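One structure is given here, and the rest of the page talks about it.
We did not get these values from a lab; they are worked out from the coordinates using the rules stated. Being a predicted model, the structure only gives us computed values, none of them experimental. Don't worry about glycine lacking a Cβ; one is built from the backbone with ideal geometry, like all the others, and counts go over all protein chains shown.
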Amino acid sequence: MMQGCENPQMDPLPRRAPQVCYRTGEAAALLAEPGTLALFGFGAGTPASADPRYLQVALEPFDADAPLELWRVDAPVSCGSDGALHWSAGGGWLFVALELDEREHGGPTATARLAYERLHRFVATRAAQHVLRVWNYLGAINHGDGDAERYKHFCDGRAAGMGDFFAEGFPAATAIGHHGDEHRLQVYLLAGDQAGLRVENPRQVSAWRYPRQYGRTPPSFARAMALPAQDVLAISGTAAVVGHASAHQDDLDAQLEETLLNLETLLASAGMAAGFDPRSPLKVYVRHAADAARARDFLQHRLPGVPLLLLHGNICRRELLVEIDGWRYAWSGE
Ligand code: 3EB
């Protein structure tokens, strides 16, 4: 690694990726730490904050004393707000969050479209223009049948709003249904000043190639993104999807097993060593509250020492009971 090389003809050295971890403590104290790029509280019980780097995510955790999620960079951080859009930047990285009320913007499709248009317009003004990872949390995601399901409307609006935003390829993403105010759409993203490396899962059809039965507008995301620093893989929402089909209907353990196999396959596709570790936090979205304890036991046994945050969320396909996303930091020397 040519650390410190100053040859101006070379590409800039990859920046050190944001460090993502779960932390307990006061939001104000974590926001005051040097390099805090973003901080997430989960559920209505977490404090509100006017700091643009802070987002109260509309997903309830299953633990009463759930931690906050902290993103930290090795650089000074600046931040600001523009109406409902909040941002922060530092070290070549950009965090942007946007929350919209569908009642104010003409319903779910129009609101998703507006969200992506606004995010595109804002990111285009910044140095960090490569969108690497996006999270989408919407209410009542499975309401409506077939093509009328709200998730399908979201996919329509997202595709319409992105325009040429992702001309270089889709970012990694998560789309989960929250149980908060049904009209509330939350979208947040991480962008960088260099492109990442998209990773697909050979066990799964790429989402943008899903057949028509899953909706008129296929979901637009990559299965994972190696951040430009190449020392961390940002992993999209991953579930028990094999080929394009959902596997193991009504069987939580089998869906968890299949999901772990998909996660391992992604690591292998990214050229990373197998396994997760204490540096690599995962979020586990569980559809039925009654499944949370079993999902936790299963994953604690299979992924010892891995930080897990279990959240009550609906997966975009009704038959899917659980989905996992997160980060995998490279071992030193890998
Ligand atoms: C799947 O594998 C599960 O619409 O952005 C996972 C991650 C899923 C992201 C999205 C959907 C999305 O198809 C669903």
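Kindly indicate the residue of region 304-334 that is touching a helix residue (DSSP H, G or I) at 6+ places or on another chain (Cβ under 8 Å) and part of a loop (DSSP other than H, G, I, E, B) and also farthest from residue 146 (Cα to Cα) among those meeting that condition.
Here is the first cut: in region 304-334, the residues touching a helix residue (DSSP H, G or I) at 6+ places or on another chain (Cβ under 8 Å) are 306, 308, 310, 312, 316-317, 320-324, 328.
Subset that is part of a loop (DSSP other than H, G, I, E, B): 306, 316-317, 320-321.
Numbers: 306: 37, 316: 12, 317: 11, 320: 16, 321: 18 Å.
Top of the filtered list is 306.
Mind listing just one residue for me: the one in region 284-320 that is without any contact (Cβ under 8 Å) to a residue 60 or more places away in the chain and within 23 Å of residue 71 (Cα to Cα) and, of those, nearest to the ligand (Cβ to nearest atom)?
Among them, the one singled out is 284.
Looking at this structure, is residue 270 within 26 Å of residue 68 (Cβ to Cβ) and more than 16 Å from the ligand (Cβ to nearest atom)?
So residue 270 fails the test.
Quick one: residue 328 ticks every box in (1) of a type in the set (Lys, Arg); (2) over 26 Å from residue 202 (Cβ atoms); (3) crowded, with 20+ Cβ neighbours inside 10 Å bar one, so which box is it?
Residue 328 satisfies all of (1) of a type in the set (Lys, Arg); (2) over 26 Å from residue 202 (Cβ atoms); (3) crowded, with 20+ Cβ neighbours inside 10 Å except (2).
Which of the residues that make up region 132-146 are of a type in the set (Val, Ile, Thr) and closer than 28 Å to residue 230 by Cβ?
Here is the first cut: in region 132-146, the residues of a type in the set (Val, Ile, Thr) are 134, 141.
134 - this is the single residue of region 132-146 that is of a type in the set (Val, Ile, Thr) and closer than 28 Å to residue 230 by Cβ.
Of the conditions (1) touching a strand residue (DSSP E or B) at 6+ places or on another chain (Cβ under 9 Å); (2) away from the ligand (no atom under 14 Å from the Cβ), residue 160 fails just one. Which one is it?
Answer for residue 160: the failing condition is (1).
Quick one: which strands (runs of 3 or more DSSP E) sit completely within region 82-198 and have at least 1 residues that are polar (S, T, N, Q)?
Numbers: elements: 85-90, 93-101, 130-139, 172-178, 184-192.
Here the list reads 85-90, 130-139, 172-178, 184-192.
May I ask you to list the residues in region 170-211 that are more than 16 Å from the chain's Cα centre (by Cα) and either among the small types (Gly, Ala, Ser) or within 13 Å of the ligand (Cβ to nearest atom) (or both)?
Residues satisfying the conditions are 180, 195, 201, 203, 204, 205, 206, 208, 209, 210, 211.
When region 294-324 is examined, which residues are found to be more than 16 Å from residue 42 (Cβ to Cβ) and acidic (Asp, Glu)?
Passing the criteria: 297, 319.
Can you tell me which residue within region 146-157, out of those that are within 14 Å of the ligand (Cβ to nearest atom) and of a type in the set (A, V, I, L, M, F, W, C), is surrounded by the most Cβ atoms within 10 Å (Cβ to Cβ)? Quick ask: steps written out before the conclusion?
Of the residues in region 146-157, the ones within 14 Å of the ligand (Cβ to nearest atom) are 149-157.
Right, trim to of a type in the set (A, V, I, L, M, F, W, C) and you get 154-155.
On the way: 154: 27, 155: 25.
Checked region 146-157; the qualifying residue surrounded by the most Cβ atoms within 10 Å (Cβ to Cβ) is 154.
Against the definition (on the phi > 0 side of the Ramachandran plot and either within 20 Å of the chain's Cα centre (by Cα) or more than 16 Å from the ligand (Cβ to nearest atom) (or both)), how does residue 326 come out, yes or no? So that I can check it myself, show each step before the final result.
Details: on the phi > 0 side of the Ramachandran plot: yes; either within 20 Å of the chain's Cα centre (by Cα) or more than 16 Å from the ligand (Cβ to nearest atom) (or both): yes.
Yes: the conditions hold for residue 326.
Filtering region 212-235 down to residues that are in a helix (DSSP H, G or I) and within 14 Å of the ligand (Cβ to nearest atom), which residue is surrounded by the most Cβ atoms within 10 Å (Cβ to Cβ)? First the steps, then the outcome.
Step one: of region 212-235, the residues in a helix (DSSP H, G or I) are 212-214.
From what's left, within 14 Å of the ligand (Cβ to nearest atom): 213-214.
Values: 213: 8, 214: 20.
By that ranking, first place goes to 214.
Let me confirm something: among 38, 84, 58, which residue is hydrophobic (A, V, I, L, M, F, W, C) and over 16 Å from the mean Cα position of the chain (by Cα)? Reasoning before the result, please.
Details: 38 fails: over 16 Å from the mean Cα position of the chain (by Cα); 58 fails: over 16 Å from the mean Cα position of the chain (by Cα).
The unique qualifying residue is 84.
Which of (1) closer than 25 Å to residue 221 by Cα; (2) out of contact with any Gly (no Cβ under 9 Å at 6 or more places or on another chain) does residue 283 not meet, given it meets every other one?
(2)
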